[in-house]
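Here's the structure we're looking at; comments come further down.
Read-outs: derived from the displayed coordinates by stated rules, not from any lab. This one's a predicted model, so the numbers in the text were calculated from it and none came from an experiment. Glycine gets a Cβ as well: all are built from the backbone with ideal geometry, and neighbour counts include every protein chain shown.
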């Protein structure tokens, strides 16, 4: 008789993503793959100027085209679509899905065509003639703050969206009380103060799949189904229902395969509201698929925060205080989470350090640009960048090793949970452990010798080191307008197979794999016997979504809780059949057995079958069946951390930077699937390196996105990177029973400042103290060759960049 | 991509392509489509008819004939980059092809398409100047040959009538030639690209041909540098000094590189190309 196969324990294993075969072979079903009988196609006419008053819109030619079902101007849409809601508590101007009288950024929709195919729709949109009375354009947030040359929203004087939010030491959370005593004292006692203006430049998220939506209102049922390339179908359902005046029970939202989001698909967009409303109005299914050129201007951008950073310290490297004045250029409108993103920059201002006095202020400014919202890291990379660059400047000023100055100021491992001056309560951490691991694995001392030897030969080689701590696993319900829990259901089917559902709708995170690993282990069944469903509000009863590195920490925990409930009930069925105590049962290898009695065991499948035909129903059980829901409400966020080290060489003649080495130590707590974690880190590193070295959304003075295609906006490629050297330390979180913290965004935090610091190190011989991103070769060449920075068209290098000061 | 409506025809021979071009109003030849399709996608080009020449028998391929190399117009960049023949007898051509765009572009884009489109930052024009290539063109009046030096005339402007087709290029292979390029990191077009071919005898530069792309409206020869090299010892010092003469009057300026920077890079990459060529001499 063959031996019973022993199923491997899967949690902690490098299980290959079960999603990949279908996605790599082009067999995934995305929004654009959907076809419905009678479906019409939408195309938007978008403003080609950044600011102007609409004088007239002539839709006659479009309307006359064969195949055109309907044409709507912004004013006509406004008759049945209300201004779009936002998810933050700040005041916000009316934002219509389509502009009604004034356009405020290039790319803002002004009219809409519904036609029988996509090509006709686009032809007709092109045939719409809009005439504008141009208004002055402002693209520089610091100029916009003066109210010149234009005020974009009448009721928002000086273009201030969020006027000034002070926080930190001596401030109450609502900003109503502000006591500067401690901060002033820290700066008075300082032996040196590092001051630097830094720009965390605007980026274009660029998911591989642009946005898309199909809306299908069925009049006979009074029921709407909306498919959208979104990160959060349940939030989409609530918002669509609210905007259409329908009940949530009348709306089904589906996120089929989603080809990346990076935060930009959290927002609920005008195109989604309009598709739903137009489908309902016309009684026809409609589809809209964004093209790449649209995606560049019409999907939210990321970052674009200026930080005025002051770091007060003693000459031994002890940091006494930090001031950070933030100016966020949020573009023309406030989107769902726009105003909240820079508040995360404030929240994380203490970084990994025990800084006794911190004052941050935040001003959010309207400009004539595409609105910003979340982008991978969303506010936290900005905080990391500002603080870590300042720490690096401090180390350089004191001639200290950048590792030493950091170590000196770490929050010590025995002080967790630790409440920072910004109010964040860090759950767990051991920063010295991560730093030591990075120094060890990078062979830091040897790297320094290598750098020195290269520099002695005249090569411009530099080293950079950055710590990071991130707020993830978001989060307690008090921190999100939607609530911050996550939902899951586990059903053991009659045949012993398991269906899991999760509200953490993935868009590339691999949850179908990691969650199946967890469930298979918990029930002692085969991986292939577990299916994870997601992304459909008709299948997944409730959910919040995937963002803020939350799907494992919050969604995974909800699933764990649901599994625990079902397992308990299943144990009751098995105990009655085996005449054993529930506490003595062991779930393994597809059986449920009794501890110490190897002969007494039942097939998992047999117990499942019995649970659905329980004759008789075991004593103590009220209901047949094996299914349970769970909601996990996290008591706190999680705070993963790590250390990234870079080595970079700059070509002396051309200024071209080449990343020679990148060593990343990341601590995300317990890892369910290290292979997927590494994939997430690789992606994060790619985008972090992209920001440091080659990505920048550049607008010219007319408000045109000069980098509006991949011809001018560089997406990082494999050839832009060295081999990534990844290591991890494990500091579990006490916030959830898995001990898992979240890792989706981590790569964008540490890599970026470490690379810029490496560039500054490489060019230190030229007296440079700071270089704003991106590391454009010409910018570096000008430093090397003593050429003054030059104003390029658009927002290029500014006077003063690279002129860091020490007071 | 959502272009305006167009008809599509596949040509079976050069003459068939010419006939189809003649018959169509608003027709455009297409091969790899890597210059034309992006323009159509943005509706900056709206051809009524696309005449596909990519599969015309004999229009692609690389061969040696009577001591000369012929490359068919429909030969892809990948085929050029991978050509064992070119790597052996004229490696600068293969070196240039491998620097074009990315693998997808190289798998589809063609030599003839690149030359006809004449993007100011395209790589091939520089090397065509350096090897003194002859471009073979057929039109309603029959065949004609144009030297690369006369072919590139201005911004997206070449000596090619709308009713003509490039059949291929022909040149005498030269080993002592090299291409040096400063990549624009988004498009991987050349911010500055320099191809240099040199003739060294007895330790002396006999002659040189240097083609520059990316700097101005179209690819040009750097004749001042060529003259500065002639008759001088074939050394790095000569190259360094001659490269200082690398300059053009009108230089592009954009967000990737200002004119100042490009001017400096013209000298740097001229020197690098010449050093590469010298290493092969």
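Per-structure values
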| item | result |
| --- | --- |
| Cβ-Cβ FRET estimate between residue A:606 and residue A:27, R0 fixed at 41 Å, reported to 0.05 | 0.70 |
| Percent breakdown of C-alpha pair distances by 5 Å bin, ordered from the shortest bin, for segment A:457-608 | 2, 9, 17, 17, 14, 11, 9, 7, 5, 3, 2, 2, 1, 1, 1, 0, 0 |
| Average silhouette area of segment A:607-692, convex hull of alpha-carbon atoms, in square nanometres | 10.4 |
| Contact order normalised by residue count of segment A:454-587, Cα under 8 Å, 6+ apart, percent | 29 |
| Per-selection Rg to Rh, segment A:292-425 - Cα, Kirkwood hydrodynamic radius | 1.05 |
| Chain B - mean residue ellipticity at 222 nm from DSSP helices (-39,500 (n - 2.57) per run, n ≥ 4, rounded to 500) | -9500 deg cm²/dmol |
| Difference of contour (0.36 nm per residue) and Cα-Cα distance, residue A:16 to residue A:711 | 246.8 nm |
| Tensor-based shape of segment A:712-794 (alpha-carbon gyration tensor, a/c under 1.5 rounded, otherwise prolate or oblate) | prolate |
| Global form of segment B:103-149, assessed from the alpha-carbon gyration tensor, a/c cut-off 1.5 | oblate |
| Volume per residue of the C-alpha convex hull in segment A:142-293, rounded to whole Å³ | 210 |
| Segment B:210-229 versus segment A:469-521: alpha-carbon centroid distance in Å | 61 |
| Overall Cα dimensions of segment A:438-522, principal axis frame, Å, largest first | 72, 36, 21 |
| Estimated FRET transfer efficiency (residue B:259, residue A:6; beta-carbon r; R0 60 Å; 0.05) | 0.30 |
| Compactness relative to 2.2 N^0.38 Å, alpha carbon Rg of segment A:508-556 | 1.18 |
| Inter-site label distance for residue A:318 and residue B:204 at 7 Å from Cα along Cβ, in nm | 7.6 |
| Average silhouette area of segment A:362-408, convex hull of alpha-carbon atoms, in square nanometres | 5.0 |
| Distance between modelled label sites at residue A:627 and residue A:453, nm, 7 Å Cα→Cβ extension | 6.7 |
| Shape metrics for segment B:1-90, restricted to C-alpha atoms - Rg then Dmax, Å | 15.6, 47 |
| Cα-derived Rg over Rh, computed across segment B:173-239 with Rh taken as Kirkwood radius | 1.04 |
| Chain A: calculated mean residue ellipticity at 222 nm from DSSP helix runs of at least 4, using -39500 (n - 2.57) | -8000 deg cm²/dmol |
| Segment B:149-280: C-alpha gyration tensor shape, a/c 1.5 cut-off, then a/b vs b/c | oblate |
| Shape box of chain B [Cα atoms, principal axes, largest first, Å] | 57, 46, 32 |
| For segment A:1-77 and segment B:83-107, distance of Cα centres in Å | 38 |
| Of every Cα-Cα pair in segment A:117-215, the percent that sits beyond 17 Å | 78 |
| Backbone N under 12 Å from the residue B:143 label point (7 Å along Cα→Cβ), restricted to segment B:79-96 | none |
| Centroid-to-centroid separation of segment B:2-34 and segment A:278-352 [C-alpha atoms, Å] | 47 |
| FRET efficiency for residue A:66 and residue B:98, using Cβ-Cβ distance with R0 set to 41 Å, rounded to 0.05 | 0.25 |
| Three principal axis lengths of the protein assembly as shown [C-alpha, angstrom, descending] | 102, 77, 75 |
